[in-house]
Amino acid sequence: MQFIKVALVGIGQIFLQENGLSGLIICIAMFFSHWALGIGCLLGSIIGTLTAIKLNYPKEEIKQGLYGFNASLAFMCTMFTFGLNGVSFLIFLLGVISSVVSTLIMREFTKRNWVAYTFPFVLTCWIFCWGISQIGLFGLWQTTPALADHTTTLESIKQPFYAWAKVNFGGSLITGILLFIAISISSPTVAIWGMAATIISSALADYLFNIEPNELANGIYSFSAILVACAFSGKRFRDFVYVIAGIALAIFIQFSVAKIGLAPYTIGFIVATWLVLWIKGKVDHSKVSSEKFSNLFNP
């Protein structure tokens, strides 16, 4: 029972939430988009957690779910790329391999105290999903369906929930609603910031790059923004600045990567957050230095 809880916590960490109940709801939510995504969500985290246990990774890190979320995303990405029209043994095996590899990469980050976020999943899936689908290796070709038309007024106002679903490759309104609820249970503040990010990101993407309306309506340029909000949400004005800066950077990075033909996945969120963290560190260091200097004259 403890193992399953840890695996569910790993799923919750997709949204940077160390909460098993959130992870359970996220897993259930994915079945409303496609059964293969639901299976992949749970199996990926289980495989990542098992890999970490068998390789004697730090127990506290395993308990925090740090080896579950990239593996979960990697397995879902494999299902999304190849398995929506039917899952074969080869596709299933590829999902397992992707989950293990992303866990190994995650460990390389954690043992160096580097912030990985979802980079292990992205790097793994560039190789095992995007790369394989480009050349049709093993006879595997991308089966991702075309985007549904959500440009009618009634559909467009549902855009925030489609954006939530897209974080995990989902396309269902119910998936998005459940994911929002899952994060609300763990942190209402983060959920509200994430919801605001879906609207801000769409407006910025449209203004900066004139993105095709249906891509915006499907949340294609908003899912990374949700993760940026999860990383920097807070009660101070500077947190708002960090979120807006992160969203703008994420959009620019995602647009640039997509332009060269590479699947962006969550690379916009990752690089934008790394950059904002670096800026934040410089600002905090400068603030501490200023306070120390002031204390010299105000003992």
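The values are calculated or read from the model by the stated rules, or taken from the named source; none is laboratory data. Keep in mind that this is a model prediction, so the values were computed, not measured. Reconstructed Cβ throughout: ideal geometry from the backbone, glycine too, with neighbour counts over all protein chains shown. Keep in mind that these areas ignore ligands, DNA and RNA; they rest on the heavy atoms of the full protein, side chains included. Shrake-Rupley method; radii C 1.70, N 1.55, O 1.52, S 1.80 Å.
Only one residue in A263, A250 is within 28 Å of I177 (Cβ to Cβ), touching a helix residue (DSSP H, G or I) at 6+ places or on another chain (Cβ under 6 Å) and open to solvent by less than 10 Å² (accessible area, probe 1.4 Å), so which one is that?
Checking each option against the conditions leaves just A250.
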(request) Among the residues of segment 253-264, write down those that are under 17 Å from N210 (Cβ atoms) and in contact with a Phe, Trp or Tyr (Cβ under 8 Å, 6 or more places away or on another chain). (result) Q254, F255
(message) For segment 145-165, give me each residue that is surrounded by fewer than 14 Cβ atoms within 10 Å (Cβ to Cβ) and under 22 Å from the mean Cα position of the chain (by Cα).
(response) P145, A146, A148
(request) Return a yes/no flag: does segment 160-171 have any residue that is among the hydrophobic types (A, V, I, L, M, F, W, C), closer than 22 Å to F69 by Cβ and touching a Cys at 6+ places or on another chain (Cβ under 9 Å). (result) yes
(request) Tell me which residues, restricted to segment 140-176, are of a type in the set (G, A, S) and farther than 26 Å from I25 by Cα. (result) A146
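Here is a yes/no grid of residues against (1) more than 23 Å from W130 (Cα to Cα); (2) open to solvent by 10 Å² or more (accessible area, probe 1.4 Å):
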site	(1), (2)
Y57	yes, yes
S72	no, no
N85	no, yes
G95	no, no
(request) Looking at (1) assigned to a helix (DSSP H, G or I); (2) on the phi > 0 side of the Ramachandran plot, find the lone condition where F169 falls short. (result) (1)
(message) Considering only residues that are surrounded by fewer than 24 Cβ atoms within 10 Å (Cβ to Cβ) and either outside any helix (DSSP H, G or I) or in contact with a strand residue (DSSP E or B) (Cβ under 8 Å, 6 or more places away or on another chain) (or both), which ones fall in segment 6-32?
(response) L16, E18, N19, F32
(message) Residues to consider are M79, M106; find the one that is crowded, with 24+ Cβ neighbours inside 10 Å and either among the β-branched types (V, I, T) or farther than 18 Å from V6 by Cβ (or both).
(response) M79
(request) Name the residue, out of A146, A191, that is assigned to a loop (DSSP other than H, G, I, E, B) and without any contact (Cβ under 8 Å) to a residue 40 or more places away in the chain. (result) A146
(message) Just the residues that are more than 24 Å from G171 (Cα to Cα) and open to solvent by 20 Å² or more (accessible area, probe 1.4 Å), please, taken from segment 206-241.
(response) Y207, L208, S233, K235, R236, F237, R238, F240, V241
(request) Please work out if L50 is over 18 Å from I183 (Cβ atoms) and not polar (S, T, N, Q). (result) yes
